[in-house]
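Worksheet: one structure, shown below.
The values are calculated or read from the model by the stated rules, or taken from the named source; none is laboratory data. Treat the numbers as computed from the prediction; the structure is a model and nothing was measured. Neighbour counts run over all protein chains shown; Cβ positions are idealised from the backbone, glycine included. SASA here: full protein model, heavy atoms, side chains in, ligands and nucleic acids out. Shrake-Rupley method; radii C 1.70, N 1.55, O 1.52, S 1.80 Å.
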Amino acid sequence: MTVLPVLFLLGSLFLCGHVEAQSSTTRMLKEAALQWEGTLTCEKWDCNCTFNYQRGCCCAANDMYQVEEDTFMRIKNLWHSISTLNSRVQGLTAGVKVAFKATIDPNIAIAIPGSTERCFGPFNTNVPIPYSSITLNQGGGYNPSLGVFTAPQAGVYSFSCTVYSYVERNERMYHKVQLMKNGKLAVSVWENNREDGEDSATQVVILEMKRGDQVYMELMSGRKLCNHLQYNIFTGYIVYPNIDE
């Protein structure tokens, strides 16, 4: 009797196709399986089905179909999770892409009477500097008409300014440029001497910004920036966003 279960299992190997030319060995396996009266490994088993019909009537089919269904649902749920994660990443990275770089248009300089110099200033009040020549404005936060950067996203930002001025021999180098945040002084660069006819200095600052906060550069009253004004640079970018706001 121990031979019959083996014969029965061997017979099940033919579940996936119709056998048109049955050999004597196949018929023997079929008859042995049909005559088996012991306990089967699954319910509602039709042994004749294994030899005459397509797959679907073997005892493993239901388990296979269940595995297929479970796998499909897992892939579907995984795809949904990936899509949700992608949407969140896009939402975060959209706020991270914030950077700008602008320089002064030298055409804003005017001739100083009695001198060959062309300068921006002096003025009788503090004046925002219009860095109107833009080479980068990712995120659209910088306004070239006003020279003002408005934070589109809350976070920590890095700003830098390079101040350049050149005056003729024996002229006075006299300027002070301030980086302002919401109308308050953050950092400044200045020069006041007759010994140096050319000067360049750079200041870098890290500021925490809320959405809508503004940063700009201003020239202090009575001061001036002269000649080659395109070397004056104002830049900024977001270091990392604050996703809680």
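Do the conditions hold for Val239, that is, is it open to solvent by 80 Å² or more (accessible area, probe 1.4 Å), over 15 Å from Phe120 (Cα atoms) and either in contact with a Leu (Cβ under 7 Å, 6 or more places away or on another chain) or among the aliphatic types (A, V, I, L, M) (or both)?
Details: open to solvent by 80 Å² or more (accessible area, probe 1.4 Å): no; over 15 Å from Phe120 (Cα atoms): yes; either in contact with a Leu (Cβ under 7 Å, 6 or more places away or on another chain) or among the aliphatic types (A, V, I, L, M) (or both): yes.
No; evaluated as a whole, the condition is false for this residue.
Name, by its number, the condition in (1) in contact with a strand residue (DSSP E or B) (Cβ under 9 Å, 6 or more places away or on another chain); (2) modelled with pLDDT under 90 that does not hold for Ala94.
Going through the list (1) in contact with a strand residue (DSSP E or B) (Cβ under 9 Å, 6 or more places away or on another chain); (2) modelled with pLDDT under 90, Ala94 breaks only (1).
So which residues in segment 109-154 are β-branched (Val, Ile, Thr), in contact with a Pro (Cβ under 8 Å, 6 or more places away or on another chain) and surrounded by fewer than 15 Cβ atoms within 10 Å (Cβ to Cβ)? Reasoning before the result, please.
Of segment 109-154, the ones β-branched (Val, Ile, Thr) are 110, 112, 116, 125, 127, 129, 134-135, 148, 150.
Subsequent filtering for residues that are in contact with a Pro (Cβ under 8 Å, 6 or more places away or on another chain) retains 134, 148.
Hit for segment 109-154 is Ile134, nothing else.
Are there any pairs, at least 6 apart or on different chains, whose C-beta atoms fall under 6 Å, with the first in segment 151-166 and assigned to a strand (DSSP E or B) and the second among the small types (Gly, Ala, Ser), and if so, which?
Tyr157/Gly236; Phe159/Gly236; Val163/Ala201; Tyr164/Ser200
Find the residue count for segment 206-221, including only residues that are closer than 30 Å to Arg169 by Cβ, open to solvent by 40 Å² or more (accessible area, probe 1.4 Å) and of a type outside the set (S, T, N, Q).
Kept after step one, since they are closer than 30 Å to Arg169 by Cβ, are these residues of segment 206-221: 217-221.
Narrowing the set further to residues that are open to solvent by 40 Å² or more (accessible area, probe 1.4 Å) leaves 220-221.
This time we only want the ones that are of a type outside the set (S, T, N, Q), so: 220.
Summing the residues that are closer than 30 Å to Arg169 by Cβ, open to solvent by 40 Å² or more (accessible area, probe 1.4 Å) and of a type outside the set (S, T, N, Q) in segment 206-221 gives 1.
Give me the residue from segment 167-185 that is outside any strand (DSSP E or B) and open to solvent by 40 Å² or more (accessible area, probe 1.4 Å) and, out of that set, modelled with the highest pLDDT.
The first filter runs over segment 167-185 and keeps only residues outside any strand (DSSP E or B), leaving 167-172, 182-183.
Add one more test, that the residue is open to solvent by 40 Å² or more (accessible area, probe 1.4 Å), and what stays is 168-172, 182-183.
On the way: Glu168: 80, Arg169: 74, Asn170: 73, Glu171: 74, Arg172: 75, Asn182: 96, Gly183: 93.
The extreme case among them is Asn182.
Just a yes or no: is a residue in segment 213-230 part of a helix (DSSP H, G or I) and under 17 Å from Ile104 (Cβ atoms)?
Among the residues of segment 213-230, at least one is part of a helix (DSSP H, G or I) and under 17 Å from Ile104 (Cβ atoms), which makes the answer yes.
Only residues that are part of a loop (DSSP other than H, G, I, E, B), free of Cβ contacts under 8 Å to residues at least 40 places away in the same chain and either out of contact with any helix residue (DSSP H, G or I) (no Cβ under 9 Å at 6 or more places or on another chain) or farther than 21 Å from Gly212 by Cα (or both): list them for segment 106-150, please. Spell out the reasoning first.
Let us first name the residues in segment 106-150 that are part of a loop (DSSP other than H, G, I, E, B), namely 109, 112-117, 121-126, 129-132, 139-141, 144-147.
If we keep only those that are free of Cβ contacts under 8 Å to residues at least 40 places away in the same chain too, we end up with 113-114, 130, 132, 140, 145.
Within segment 106-150, Pro113, Gly114, Gly140, Ser145 qualify.
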